[in-house]
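The values are calculated or read from the model by the stated rules, or taken from the named source; none is laboratory data. Keep in mind that what you see is a predicted model, and the values were worked out from it rather than measured. For neighbour counting, all protein chains shown are included, and Cβ atoms are generated from backbone atoms with ideal geometry for every residue, glycine included.
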Amino acid sequence: MRKKSTHIKDRSLALDIVIWLVMGIVLVSCVFPFLYIIAMSFSSAKAILNSEVTIFPVGFQLDAYKQIFRYPNFFRAYKNTLIYASGGTLISLVVMVIFAYPLSKPKLKGQKLVMRLVIFSMFFGGGLIPNYLLMSNLKLTGTVWAMLLPFAINQFNLIILINFIKTIPEELEEAARIDGLSYFGILFKIILPLLTAALATVGLYTAVFFWNDWFYSLIYLKSEQYPVMLLLRNIVNGTQMVGGEASGVGENMTVAIAVKSAVIITSTLPIIILYPFLQKYFVKGMLVGAVKG
C-alpha cells in the first residue's frame, strides 16, 4: 500500500511539474511581446535601429510619449473611448439585466420562443450593408448613439446572465412577493445584489469590446469622434503622421516604431489595470455561465 501511495504521489508530482512548465511557457509567450513593446516605447532611436532592444529599454527616453501627448487628436480620441466604453457598458448592463430576468423564468409564456430567437441571432445576422442602412435610416450615423445602442445586447453575455439568475433560489422571490414587492422591486432589491459576479464578468466583456473596437467606429463615426483604437490603427498603418514623417528609413522609421509602441501601451493600459480587480468575479461568473443550464 505504501509503495502504491508513493507511486501515486510521484505521478502527481510529475504531472504538477508538467503543468507548471506548460503554464510557464504560455506565460512567457504572452508576457514577452508586451514587455518588448514597453521596452521599444522607452528606447532611443539608435538602439531600435541597431536591434539592441529586448525586454529592457536601451537608451531610456520619453520622446515617444511626448510626441503622442502633443498629438492633437490623441486626448480627444481617449475621451471618446472612455465615453463609448463607460456609456456602452452601462447601457448594455441595464438592458441585458431587464431582458435576462424574465427570460430566466421557464413558466413565462413565450420564453422558449424568445430564447430560440436569441440563439438564432447568435449565428445569423443581416450583414454589414443592411446594418449600415438601418443605422443611416435611424439617423444614428455620425452620432455617439451609433456606438452605444446597436451593441447594447450581446447574446453570449445575455445567456451568462440568464444562467446566473437561474441559480438564485426561487424561495427568495416568493418571500419578497409575500412581503409585497413588485417584480421590478424584486429585480432591483433581490436579484441585482446577487448578480455581482455575473455583472462584473459581462461588464468586463462589454468594456473590452467597446475599448478595442475600431471597425464600427470607422464605418459609423466622423473623424473627430474616432476612439483611440482607431487612431492607433491609423498610426500603425501609417495613414496618419505622428510628430513628422511616420514612414521612411533610418531614424524617422525607428522614431515611428517607438511612437507606435507608446500608443499601444497607452491605449491598452487601462484594461490591463482594470482586469485584476475583476478577476475573482470574472472566474466565478464564467463558471456559472458554463455549468448551469
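Is there a residue in segment 207-226 that is surrounded by 20 or more Cβ atoms within 10 Å (Cβ to Cβ) and farther than 30 Å from residue 76 by Cβ? No, every residue in segment 207-226 fails to be surrounded by 20 or more Cβ atoms within 10 Å (Cβ to Cβ) and farther than 30 Å from residue 76 by Cβ.
Confirm whether residue 156 is modelled with pLDDT under 90, loosely packed, with under 13 Cβ neighbours inside 10 Å and within 19 Å of residue 90 (Cα to Cα). Yes; evaluated as a whole, the condition is true for this residue.
Within segment 92-112, does at least one residue satisfy the condition of being closer than 30 Å to residue 260 by Cβ, assigned by TED's automatic domain parsing to the domain that holds residue 227 and not aromatic (Phe, Trp, Tyr)? Within segment 92-112 (the criterion being closer than 30 Å to residue 260 by Cβ, assigned by TED's automatic domain parsing to the domain that holds residue 227 and not aromatic (Phe, Trp, Tyr)), the answer is no, since none of the residues qualifies. Only residues that are under 22 Å from the mean Cα position of the chain (by Cα), of a type outside the set (A, V, I, L, M, F, W, C) and closer than 14 Å to residue 100 by Cβ were counted across segment 181-204, and they come to 2.
If you filter segment 224-239 down to residues that are touching a helix residue (DSSP H, G or I) at 6+ places or on another chain (Cβ under 7 Å) and either under 17 Å from residue 64 (Cβ atoms) or among the aliphatic types (A, V, I, L, M) (or both), you find that the one that is modelled with the lowest pLDDT is 236. Annotation note: Cβ proximity below 8 Å between a residue of segment 55-78 that is over 11 Å from residue 43 (Cβ atoms) and a residue that is at pLDDT 80 or above and part of a loop (DSSP other than H, G, I, E, B) (sequence gap 6+ or interchain) occurs for 73/226; 77/226; 77/227.
Of everything in segment 170-185, what is surrounded by fewer than 16 Cβ atoms within 10 Å (Cβ to Cβ) and closer than 25 Å to residue 92 by Cα? Give them in sequence order.
Listed by number, the residues that qualify are 182, 183, 184, 185.
Among the residues of segment 120-141, those identified as part of a helix (DSSP H, G or I), surrounded by 12 or more Cβ atoms within 10 Å (Cβ to Cβ) and either at positive phi or within 25 Å of the chain's Cα centre (by Cα) (or both) are 121, 122, 131, 132, 135.
Within segment 45-59, not a single residue is modelled with pLDDT of 85 or more, part of a helix (DSSP H, G or I) and more than 30 Å from residue 154 (Cα to Cα). Can you confirm whether residue 104 is polar (S, T, N, Q), surrounded by 13 or more Cβ atoms within 10 Å (Cβ to Cβ) and touching a Lys or Arg at 6+ places or on another chain (Cβ under 9 Å)? Here the answer is yes, as residue 104 does meet what is asked.
Looking at 51, 86, 12, which one is surrounded by fewer than 16 Cβ atoms within 10 Å (Cβ to Cβ), within 21 Å of the chain's Cα centre (by Cα) and among the polar types (S, T, N, Q)?
Working: 51 fails: within 21 Å of the chain's Cα centre (by Cα); 12 fails: within 21 Å of the chain's Cα centre (by Cα).
The unique qualifying residue is 86.
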